[in-house]
1. So, in nm, how far is label THR421 from label SER241 when the simple model puts each one 7 Å beyond its Cα toward the Cβ?
2. Give the relative contact order (percent, whole number) for segment 285-392; include only Cα pairs under 8 Å separated by 6+ residues.
3. With a 1.4 Å probe and every protein chain left in place, work out the accessible area per residue of segment 246-352 in Å², rounded to a whole number.
4. Tell me whether segment 252-399 comes out rounded, prolate or oblate; compute the Cα gyration tensor, take square roots of the eigenvalues as a ≥ b ≥ c, and use a/c under 1.5 as the rounded threshold.
5. Assuming R0 = 25 Å, can you tell me the calculated FRET efficiency for the pair GLN106 and ILE186, based on Cβ-Cβ distance, to the nearest 0.05?
6. Looking only at segment 106-126, which residues have a backbone nitrogen under 19 Å from a spot 7 Å from the Cα of ASN272 in the C-beta direction?
7. For every other residue with a beta carbon closer than 14 angstrom to the beta carbon of GLY274, add +1 if it is Lys or Arg and -1 if Asp or Glu, then tell me the sum.
8. Could you tell me the distance between the Cα centroids of segment 441-472 and segment 117-142, to the nearest Å?
Amino acid sequence: MKTMQGRFRAVVLMGAAVSVLAFAAGAKAQDRNSNDDSWRFGSTTGKSPVLVVVGDIACQPDGEVETTTSGTPPVATVTVVAPAGEAKSEFCFDPKSPYTGTSLWQSQEATANQIEAIKPDAVAIVGDLQYQVGQFQDFEQSYDLTYGAFKAITKPAPGNHEFYDEHSERGVGGYGYFSYFNGFQINIPTPTITSGNPFTTTGNPATPITTTVPEQCTSALAAACNYPGLTPFNPQPIPRSDGQAGHFEQTGGIGSTAEDPIGVGDGWYSYNLGSWHLISLNIECSTQPGGCSDTGSWFAAELSWLKKDLEENRSACTAAYWHQPTFSATNGITPEGIAAQAFWQLLYDHRADLVLNGHDHLYARYQPLGPNGTPDKERGIREFIVGTGGETLDPIAQATVTSGSGETNLEDPSGNTSFNTTNLQAYTGDYWGVMSLTLDPDGYHWDYESALAGPAALVAANGPTFPAPNTNGGYSDKGFGFCHNSSY
């Protein structure tokens, strides 16, 4: 084992520190005592519980920041010098055009402000919590500074940026994600005790046990992992086996050795909230044992667990969430999204009601669908995509797709080039924001509210938006539905 000298700190913003999170304009606060902070620890309210849904959140904090002044003071330009070989599109300062001059700290904080105003019972994070590759130190220096305020009530699911190589950075296989939520193993040295009065002890302080994760993204996985050309890897703490993010298997991963065991981040789990059963799943299968095949050892184990969980579920209403969607509002279907059809089939067979995803950096709502994308008003599952937590925004692919030679990233796995035109009911790529789900005994109310509009140049390029923006320039999408097993 390797140990890392120096400190890892975990900051959870609570009490007075959290009070700096201002109420966001247009956010719907719950009817609770403003001085009562018990909601932050998952207390019951006596009303239908509220679940906030959001993903694709925290910018990468490193990169050299340079500030220059020119022209008539005070004129300042902030730029980022990215490490060699890295794109700067997800750094906290000065991302790619049309974001030049905009800090992604602003959008990340704006959605945190919304959550503070809503005061939910739980926060479901639908993946890509921390960019670029979810290193533990980046969680500490970015995600934790805003969303750490809600850590006690967070119910996360991982994304590709927690597992794979991204933008020429070496992936960490979920180690940073699981260490942040589950805690990590500690190397406790044996102290040397010196006799005498008073006696003294000497020895190094306890340090996290870390490992250097071998390269899991081979050339065969180039499309999923942006292989090769990767920056040096920073050692990561070894997560505890069980905790808030679900199970982390200590051995059995690709590249395992006796000296440096490389674990397998499972991370699927379920819980009940009010009359609802909620399921957090992990679709980041490309670098897991057996890959994304439903007969591969890792993915087959998850599907077996999901089947058993659904068979034992007695709740009136059921929702499941994971990162990469099966039906994509950006025209960006991935191998993982196609694999997730197996989730859809099991959920459909057991009369589940909602699927919640991220990955597309936008908000989208589909009409109820069957596992193959066919509209189904009787038993169909409604998919929401809420990838608007703070990272760079994506345009909506609402128009009919014209496929190029050999192109496979159509809007849904069946290759329907008009899928979004037919099935999208609400969409925007122009705003950051979060969705609140009020989980009623027999149904649900959704309320997506924007927190911050994207830069003008981006808004001009990312359209269309439906419904149209509000008169105050914000965006809202509200509605309700009943559960398949409800009495209605």
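1. 5.4 nm
2. Working: 177 pairs, mean separation 24.0, N = 108.
Result for segment 285-392 is 22 percent.
3. Working: 3560 Å² over 107 residues.
Here the residues of segment 246-352 average 33 Å² of exposed surface.
4. Details: a/c = 1.82, a/b = 1.25, b/c = 1.46.
Oblate.
5. Details: r = 36 Å, r/R0 = 1.44.
So the FRET efficiency works out to roughly 0.10.
6. Those under the cut-off are 121-123.
7. Working: positive: LYS47, LYS155, ARG314; negative: ASP121, ASP353, ASP440, ASP442.
Local charge sum for GLY274: -1.
8. 21 Å
The values are calculated or read from the model by the stated rules, or taken from the named source; none is laboratory data. Keep in mind the model is a prediction, meaning the values are calculated, not measured. A quick note on method: Cβ atoms are made from the backbone with ideal geometry, for glycine too, and the neighbour counts reach across all protein chains shown. Ligands, DNA and RNA are stripped out before the accessible areas are found, and what is left, the full protein with its side chains, is counted by its heavy atoms. Shrake-Rupley method; radii C 1.70, N 1.55, O 1.52, S 1.80 Å.
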